[in-house]
Amino acid sequence: MNSNTPSTTSHTLLNKYDTLISTLQTGFIPLLLLFCRLWVAWVFFNSGLTKIASWDSTLFLFEYEYQVPILPWEMAAYMGTAAELILPIFLALGLLTRPMAAILFVFNIIAVVSYPLLWEKGFYDHQLWGLMILIVIVWGPGLVSADHWLRNKMTGD
């Protein structure tokens with residue numbers, strides 16, 4: 001049997017293609033995960049900075065505009081602001097990434113549910129951020145993260 005049959009040639013091309021894609025993914029996926037972590041962290045951290053910069057306005061919004069379920073409005077204002085200032089730091093560093101991203105994912109859903117006006121103007125942004133957070137939850141923080149560094153230190157790799 002000739003080694004240059006169409007079947008063998010196709011198989012060789014597919015193997016080369018798979019190797020190329022695998023190589024590209026090795027570099028691309030950690031960058032994608034870092035991008036998702038940093039983008040979402042930047043958005044939420046800036047939102048938290050805005051809240052503390054105009055605290056009276058923040059309290060007003062939580063009392064009269066936002067409809068946070070279960071929590072009293074003042075507690076929701078403090079907890080929401082704290083979440084927006086603390087969780088993004090963990091996410092950006094890639095430290096305890098999955099649990100912090102999961103909390104931020106729930107926080108994002110509560111933000112959408114609590115502010116009906118968001119449906120008109122910012123709903124698609126929150127969907128994008130939710131998807132980026134889910135990517136991090138599913139794939140983890142990636143190679144460029146404190147989690148990865150700590151795991152290597154603990155396992156001796």
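The values are calculated or read from the model by the stated rules, or taken from the named source; none is laboratory data. Only a predicted model underlies this, so the values are computations on that prediction, with no experimental measurement involved. Glycine also receives a Cβ, built like all others from the backbone with ideal geometry; neighbour counts cover every protein chain displayed. The accessibility values were calculated without ligands, DNA or RNA, using every heavy atom of the protein model including side chains. Shrake-Rupley method; radii C 1.70, N 1.55, O 1.52, S 1.80 Å.
Tell me which residues, restricted to the stretch 81-100, are small (Gly, Ala, Ser), part of a helix (DSSP H, G or I) and touching a residue at least 40 places away in the same chain (Cβ under 8 Å).
Selection gives ALA92 alone.
Of the residues that make up the stretch 57-66, is at least one at pLDDT below 95, surrounded by 12 or more Cβ atoms within 10 Å (Cβ to Cβ) and not in a helix (DSSP H, G or I)?
yes
Picking from VAL43, VAL106, which residue would you name as being open to solvent by 70 Å² or more (accessible area, probe 1.4 Å), at pLDDT 95 or above and under 25 Å from LEU134 (Cα atoms)? Walk me through how you get there before you give the answer.
Values: VAL43 fails: open to solvent by 70 Å² or more (accessible area, probe 1.4 Å).
Residue meeting the stated conditions: VAL106.
Kindly indicate the residue of the stretch 109-144 that is open to solvent by 80 Å² or more (accessible area, probe 1.4 Å) and part of a loop (DSSP other than H, G, I, E, B) and also farthest from PRO69 (Cα to Cα) among those meeting that condition.
Per the stated criteria, the residue is LEU143.
When the stretch 86-127 is examined, which residues are found to be of a type in the set (D, E, K, R) and more than 12 Å from the chain's Cα centre (by Cα)?
GLU120, LYS121, ASP125
Can you name every residue in the stretch 60-81 that is closer than 13 Å to TYR115 by Cα and polar (S, T, N, Q)?
GLN67 - this is the single residue of the stretch 60-81 that is closer than 13 Å to TYR115 by Cα and polar (S, T, N, Q).
Which condition does LEU34 not pass, out of (1) within 24 Å of TYR124 (Cα to Cα); (2) exposed (fewer than 11 other Cβ atoms within 10 Å of the Cβ); (3) of a type in the set (A, V, I, L, M, F, W, C), if it passes all the others?
(2)
What number of residues in the stretch 67-88 are surrounded by fewer than 13 Cβ atoms within 10 Å (Cβ to Cβ) and under 27 Å from ILE137 (Cβ atoms)?
4
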